[in-house]
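Scroll down for the structure; my scribbles are underneath it.
The values are calculated or read from the model by the stated rules, or taken from the named source; none is laboratory data. Small disclaimer: the values here were computed from a predicted structure and weren't measured. A quick note on method: Cβ atoms are made from the backbone with ideal geometry, for glycine too, and the neighbour counts reach across all protein chains shown. Please note that ligands, DNA and RNA were not included when accessible areas were found on the heavy atoms of the full protein model with its side chains. Shrake-Rupley method; radii C 1.70, N 1.55, O 1.52, S 1.80 Å.
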Amino acid sequence: MQIVIVGAGGLVGKEFTRHFSIEHQVVALKHDDLNIADREAVRQTIINQRPALIINCAVLGVDDCELEPSRAWNVNVMGAENLAEAASDIDAELLHLSTNYVFDGNLEADSFYTIEDFPAPINIYGQTKLAAERAVKSICKRSFIIRTSWVFGVGKKSFLSTAHHSLNAASRIRAITDIWASSTYVRDLAERVDEILLHQHYSTYHVVNSGICSYYDFALEAARVLKISDKEITHLIEPVKVSEIQFVAQRPRYTPMRCIVSDRIGLAPMRDWRLSIVDYIRGQFSW
Ligand SMILES: NC(=O)c1ccc[n+]([C@@H]2O[C@H](COP(=O)([O-])OP(=O)(O)OC[C@H]3O[C@@H](n4cnc5c(N)ncnc54)[C@H](OP(=O)(O)O)[C@@H]3O)[C@@H](O)[C@H]2O)c1
């Protein structure tokens, strides 16, 4: 199948390009190749390529959205609309990535958000991502919305993707103890999306590894995989409260997710986040 991936230079876009290129013809478009906010450019590109599937991995990130709200709406909402229109025009499928940040994070401990929970984003990023979901669903009937959360993998300078490098180099890190979510290894995300596509059941999915963690739990687990002693861990990982960190955008406090649609179509829950970290770190250090 012919697949166009937009936002192909980012964390998810790069992994999807690698993964789907194994069995499909993939046209991977980075930001410089296609600005999704440019409606005419999107239309022309999609008409020229005539893909069976478009995957939207392009996004303006959480803090940038708060700093540049109008750009956030242009990229995250109008960009998604442009892709949905183009997909609909040629009767292609559209797979659109979304986020746990559509929820406000005020859930009770040990529970999980499902698609039956009411989204109520608390920052501009979440608001744009929710607006995009709604636009995509109304414009493109053959669309999949994939909400994922705290994605980690090679090539991103985020806490989750790099904590193990700092720990391995004996650099001290600060890790937040009082924000919790599902985390997602980008390779597991690509594999599950592949399975979802095969079912052609157009819906909203929560695609995350099983379990719940805080940033602190995640760092502890990475340290354990690296066989760092408890004494060193105490020295290397400083637990902090979110109130001590100056984020530009507010983060929802508690957003673990579970996928009832995957359950319905017979897909087993994804593996536990701790197993994914082992794979991720081992892959990096080639043990
Ligand atoms: N990473 C996570 O933890 C996470 C969690 C939940 C959901 N998601 C969702 O997963 C998807 C992919 O996220 P990601 O982590 O891979 O993001 P990322 O690493 O920040 O990559 C996003 C890519 O989009 C590109 N881009 C920005 N504006 C664009 C535009 N106008 N036209 C075309 N491309 C544009 C960026 O290029 P430049 O950098 O050159 O501008 C970048 O390469 C997003 O929908 C995001 O909401 C991610």
Original post:
What is the residue count in region 23-48 for residues that are among the aliphatic types (A, V, I, L, M) and over 21 Å from the mean Cα position of the chain (by Cα)?
Top reply: 4
**OP:** Within region 160-191, count every residue that is near the ligand (Cβ under 10 Å from one of its atoms) and of a type in the set (A, V, I, L, M, F, W, C).
**Re:** 4
Original post:
What are the residues in region 26-40 that are more than 7 Å from the ligand (Cβ to nearest atom) and surrounded by 18 or more Cβ atoms within 10 Å (Cβ to Cβ), if any?
Top reply: Val26, Val27, Ala28, Leu29
Original post:
So which residues in region 9-25 are of a type in the set (D, E, K, R), open to solvent by less than 80 Å² (accessible area, probe 1.4 Å) and free of Cβ contacts under 8 Å to residues at least 40 places away in the same chain?
Top reply: none
**OP:** From the list Ser203, Ser171, Ser158, Ser243, pick out the single residue that is open to solvent by 20 Å² or more (accessible area, probe 1.4 Å), over 24 Å from Pro121 (Cβ atoms) and among the small types (Gly, Ala, Ser).
**Re:** Ser171
**OP:** Take region 132-154 and flag every residue that is hydroxyl-bearing (Ser, Thr, Tyr) and either within 10 Å of the ligand (Cβ to nearest atom) or assigned to a strand (DSSP E or B) (or both).
**Re:** Ser143, Thr148, Ser149
Original post:
Of the residues Lys157, Lys129, which is within 12 Å of the ligand (Cβ to nearest atom), in a loop (DSSP other than H, G, I, E, B) and among the basic types (Lys, Arg)?
Top reply: Lys157
**OP:** Check whether at least one residue in region 165-172 is over 23 Å from Arg251 (Cβ atoms) and touching a strand residue (DSSP E or B) at 6+ places or on another chain (Cβ under 8 Å), and report yes or no.
**Re:** no
**OP:** Please specify each residue of region 50-76 satisfying the condition of being buried (at least 22 other Cβ atoms within 10 Å of the Cβ) and either assigned to a helix (DSSP H, G or I) or aromatic (Phe, Trp, Tyr) (or both).
**Re:** Cys65, Ala72, Val75, Asn76
